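Step one of this worksheet: look at the structure below.
The values are calculated or read from the model by the stated rules, or taken from the named source; none is laboratory data. Keep in mind that what you see is a predicted model, and the values were worked out from it rather than measured. Here the Cβ positions follow ideal geometry from the backbone for every residue, glycine too, while neighbour counts run over all protein chains shown. We work out accessible area using only protein heavy atoms, side chains counted, and drop any ligands, DNA or RNA first. Shrake-Rupley method; radii C 1.70, N 1.55, O 1.52, S 1.80 Å.
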Amino acid sequence: MNHSPSAPSLPVPLRVSTLPRPLSLYVHDARDRFVSQRIRDEGLWEPYETALLQAILAPGGVFVDVGANIGYFSVIAAALVGEAGAVVAFEPDPENCRLLRLNVAHNGMADIIEVVEAGLADGAARGELFLSEDNLGDHQIFAAGEARQSVPVQLLSGAGFFRDRPHQPDLIKVDTQGAEFRVMAGLMPFVRNLPRPPRLLIELTPLSLRECGASGRALVELLATLGQPLWIVDHIEHRLAPSSAGELAQWCDNVDACEGDRGFMNILVGDAP
């Protein structure tokens, strides 16, 4: 497996409508057949989630990007919140973080985006990040029986990181390939003490969560303690479908009952924009 840095090509213009300013990103080379390939081909990644960011974030807002990858959502969020706002982007993989920093500088957003080369978890620790060879957004902090190269990474508690910071996030995005329960367990003391609850955009993948030592049901039940509405992010119809903790937990149980089922969905916690 080759995880050595690739020479940056020309940045790819993003084709996201109604942004306050043009944006472009340096992306991975042909090794990455997913995020970077889609941005190269279409100038876009997860179009409905992108639209949700545009609907939620406004000038002066705060966005927390947990699992920022090369910075697609971070730079879009920075354009939306502007100089009066803030973005905190967590990315533990050194190569992804190199491109993330490059994209922050390239788009002139160093005063808006704080890049943190670390992952979030339920406590501060040193960890290992197990690297995917062809999906450079699918690195995991656990070994799932695959022959993956790993790199040492820093893991932080979200509550510990934000303890002395004045951030009031409007939206927290968590996409960490199975570590979402650990991320939210570490963030919960911070989130619960905020004057108003932020919206949460979270990937829910029962198999990966189980491989990381938790479960889809455990994540749903943890999120339900916030007492906020729960929505399924419908990629096909580009809408938010209302759901409940019981329905989502049952869906997770059904996926778990099918060995090897890699079914997943994104969910929004909080009021619909």
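Other residues with beta-carbon under 15 Å from the beta-carbon of Pro198 carry, at +1 per Lys or Arg and -1 per Asp or Glu, a net charge of +2. Packing-based ranking of 223-231, 152-160 yields 152-160, 223-231, ordered from highest to lowest mean Cβ neighbour count within 10 Å.
On the beta carbon distance between Ala30 and Glu128, with R0 = 25 Å, the FRET formula returns roughly 0.45. Near Ala118: Cβ cut-off under 12 Å, other residues only, Lys/Arg at +1 and Asp/Glu at -1. The net charge is -3. If the chain linking Asp271 and Arg165 were pulled fully straight, counting 0.36 nm for each residue of separation and taking away their Cα-Cα distance, it would gain 35.7 nm. Calculated mean residue ellipticity, 222 nm, the chain: -9000 deg cm²/dmol, from DSSP H runs (n ≥ 4) at -39500 (n - 2.57) each, averaged per residue and rounded to 500.
Based on protein heavy atoms only, the chain ends up with 42 Å² per residue of surface accessible to a 1.4 Å probe. Would you mind calculating the relative contact order of the chain from Cα pairs under 8 angstrom and at least 6 residues apart, reporting the percent as a whole number? It comes to 15 percent, rounded to a whole number. For the charge dipole of the chain, defined by +1 on Lys and Arg C-beta atoms and -1 on Asp and Glu C-beta atoms about the Cα centroid, which residue among His167, Tyr72, Leu129 has the Cα displaced farthest towards the positive pole? Of His167, Tyr72, Leu129, it is His167. Compared with the alpha-carbon gap, the fully stretched path from Thr18 to Glu221 is longer by 69.5 nm at 0.36 nm per residue.
With K and R counted +1 and D and E -1, the other residues having a Cβ less than 10 Å from that of Asp256 yield a net charge of -1. Extension gain for the segment Asp234 to Glu211, taken as residue separation times 0.36 nm less the Cα-Cα distance, is 5.8 nm to one decimal.
Nearest 0.05, what FRET efficiency do Glu247 and Tyr48 give at R0 = 22 Å with Cβ-Cβ as r? Efficiency, rounded to the nearest 0.05: 0.65.
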